[in-house]
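Report on one structure; see the data block that follows.
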Amino acid sequence: MSPVERVMCVLEGRRADRPPVCFWRHFSAEEVWGEAAVAAHVAHLEKYGLDFLKVMNDNPYPHEEMIGGVRELDELGELRGDEGGFGRQLELVGRLREKVGGKVLMTTTVFNAWAVLRHLVRRPTKHNPPEMDGWADEPSGRIRAWVAEDEGAVKRAMDRIGTGLEGFARRCIEAGADGVFLSVRDDWVDGPGQRGVYERVVRGSDLGILRGAVRGRFNMLHVCGRAVDFRAFAEYPVDAINWADRAAGPTVEEARGWVRPAICGGVDNLSTLMKGSEADVEREVADALRQAGGRPIMVTPGCTYDPERVPRENLEAMVRAAAGLGGGGM
């Protein structure tokens with residue numbers, strides 16, 4: 001099968017010749033946009049023979065001023081979805097489609113409105129695999145304090161950011177992406193003594209982004225961190241769902257009977273990929289298929305991997321293990 005045929009089989013709930021496999025990383029600051037970004041993505045795809053391309057997006061949301069307090073939230077204006085960093089990412093998507101043609105499906109990263117606001121509170125200096133203790137996240141703690149002070153202001157900000165992201169998602173499909181890779185995280189928002197905020201303040205903008213990408217055929221939801229309400233995310237209208245099944249749960253075996261979208265996971269990016277042997281990675285891939293039972297899955301890590309800490313041999317072991325396991329389930 002071709003990579004496209006292989007992925008589409010799993011999306012449709014059918015067995016492929018083998019499980020599709022993919023993994024992704026943040027590239028250097030010099031490889032965020034332009035030809036350097038195109039070359040980095042294509043090299044990553046071809047080096048490992050991946051079955052789909054997850055397009056990284058480290059182009060900043062188009063708002064120059066940092067947000068220092070709840071009263072500044074109303075300074076956020078509505079955007080079309082093609083300004084500044086949006087435009088650079090759209091150019092990257094278009095150039096990648098020219099480069100890879102129809103050889104693989106491409107899903108391009110869209111961070112949800114809360115994640116965008118976090119970066120407007122504190123700019124990231126380096127993108128690493130996520131810390132699993134979301135409640136301890138400092139910028140999210142500041143936003144939670146603003147929710148307590150003026151929830152309406154935070155909700156308006158989520159909606160305005162979400163409007164721009166919805167337009168951006170629509171333009172990503174028009175630019176050549178097969179779908180969006182929507183990254184969400186509710187343990188930044190809800191936790192001890194504060195529940196229901198995600199539902200009231202954030203979820204509507206998530207669903208708006210997916211409305212923008214409704215014409216995509218490969219929309220993937222990435223549930224980052226330790227989900228407070230995984231079942232609510234599992235109801236999102238997406239084609240596939242990826243999460244840290246080993247580090248956070250639920251396991252593939254626990255989810256296989258009721259999660260509607262195609263399941264993507266099986267490999268621990270925080271432990272096995274970094275610290276394990278090639279044999280450990282191969283065993284984890286085989287175990288993921290065992291857990292899936294008869295259900296086809298895509299073999300992926302729980303989130304990004306750190307290229308400075310993950311041996312290339314372990315990534316190659318993921319690909320090799322998937323290639324050696326015919327069919328989409330066991």
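Conditions (1) under 18 Å from GLY85 (Cα atoms); (2) touching a helix residue (DSSP H, G or I) at 6+ places or on another chain (Cβ under 9 Å); (3) of a type in the set (Val, Ile, Thr); (4) not in a helix (DSSP H, G or I), marked per residue:
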{"residue": "ALA36", "(1), (2), (3), (4)": "yes, yes, no, no"}
{"residue": "ALA39", "(1), (2), (3), (4)": "no, yes, no, no"}
{"residue": "HIS44", "(1), (2), (3), (4)": "no, no, no, no"}
{"residue": "LYS47", "(1), (2), (3), (4)": "no, yes, no, no"}
{"residue": "LEU50", "(1), (2), (3), (4)": "no, yes, no, yes"}
{"residue": "ASP58", "(1), (2), (3), (4)": "yes, yes, no, yes"}
{"residue": "GLU65", "(1), (2), (3), (4)": "yes, yes, no, yes"}
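For the range 92-129, the set of residues classified as surrounded by fewer than 17 Cβ atoms within 10 Å (Cβ to Cβ), farther than 16 Å from HIS26 by Cα and of a type in the set (D, E, K, R) consists of GLU98, LYS99, LYS103, ARG122, listed by residue number.
Looking only at the range 24-38, how many residues end up being surrounded by fewer than 22 Cβ atoms within 10 Å (Cβ to Cβ) and under 20 Å from the mean Cα position of the chain (by Cα)?
9
Any residue that is in contact (Cβ under 8 Å) with a residue 24 or more places away in the chain, within 22 Å of GLY212 (Cβ to Cβ) and more than 20 Å from the chain's Cα centre (by Cα) - is there at least one of those in the range 88-111? Scanning the range 88-111, I find at least one residue that is in contact (Cβ under 8 Å) with a residue 24 or more places away in the chain, within 22 Å of GLY212 (Cβ to Cβ) and more than 20 Å from the chain's Cα centre (by Cα), so the answer is yes. Report, by residue number, each residue of the range 5-23 that is assigned to a helix (DSSP H, G or I) and either among the aromatic types (Phe, Trp, Tyr) or crowded, with 18+ Cβ neighbours inside 10 Å (or both). Within the range 5-23, ARG6, VAL7, MET8, CYS9, VAL10, LEU11 qualify. Restricting the first member to the range 39-67 and to residues that are without any contact (Cβ under 8 Å) to a residue 60 or more places away in the chain and surrounded by fewer than 21 Cβ atoms within 10 Å (Cβ to Cβ), and the second to residues that are of a type in the set (Val, Ile, Thr) and in a loop (DSSP other than H, G, I, E, B), the beta-carbon pairs closer than 7 Å and six or more apart or on different chains are ASN59/VAL32.
Against the test of being out of contact with any helix residue (DSSP H, G or I) (no Cβ under 7 Å at 6 or more places or on another chain) and of a type in the set (Asp, Glu), the options ASP150, ASP137, ASP159 yield a single qualifying residue, ASP137. For the range 235-254, the set of residues classified as touching a strand residue (DSSP E or B) at 6+ places or on another chain (Cβ under 7 Å) and buried (at least 20 other Cβ atoms within 10 Å of the Cβ) consists of VAL238, ASP239, ALA240, ILE241, ASN242, TRP243, ASP245, VAL252, listed by residue number.
Scanning the range 1-27 for residues that are at pLDDT 95 or above and either more than 28 Å from GLN291 (Cβ to Cβ) or basic (Lys, Arg) (or both) yields ARG6, ARG14, ARG18, ARG25, HIS26, PHE27. Filtering the range 172-200 to residues that are part of a helix (DSSP H, G or I) and hydrophobic (A, V, I, L, M, F, W, C) leaves CYS172, ILE173, ALA175, VAL197.
Of ALA169, ALA148, all but one fail to be over 22 Å from GLN89 (Cα atoms) and in a helix (DSSP H, G or I); the exception is ALA148.
Looking across ARG309, ARG260, one residue alone is under 24 Å from CYS9 (Cα atoms) and either basic (Lys, Arg) or surrounded by fewer than 21 Cβ atoms within 10 Å (Cβ to Cβ) (or both). It is ARG260. Only one of ARG215, ARG231, ARG142 is more than 18 Å from PHE111 (Cα to Cα) and part of a loop (DSSP other than H, G, I, E, B); which? Of the residues listed, the single one that is more than 18 Å from PHE111 (Cα to Cα) and part of a loop (DSSP other than H, G, I, E, B) is ARG215.
Taken over the range 115-135, the criterion of being within 22 Å of THR163 (Cβ to Cβ) and over 14 Å from the mean Cα position of the chain (by Cα) is satisfied by LEU117, ARG118, HIS119, LEU120, VAL121. GLU199 falls short on exactly one of the conditions (1) under 30 Å from VAL104 (Cα atoms); (2) touching an Asp or Glu at 6+ places or on another chain (Cβ under 9 Å); (3) of a type outside the set (Phe, Trp, Tyr), and that condition is (1).
When only residues in the range 195-225 that are buried (at least 17 other Cβ atoms within 10 Å of the Cβ) and more than 16 Å from ASN112 (Cα to Cα) count, which is nearest to the chain's Cα centre (by Cα)? Per the criteria, the residue is PHE218.
The values are calculated or read from the model by the stated rules, or taken from the named source; none is laboratory data. Quick caveat: nothing in here was measured; it's all calculated off a predicted structure. Cβ atoms come from the backbone with ideal geometry, glycine included; neighbour counts cover every protein chain shown.
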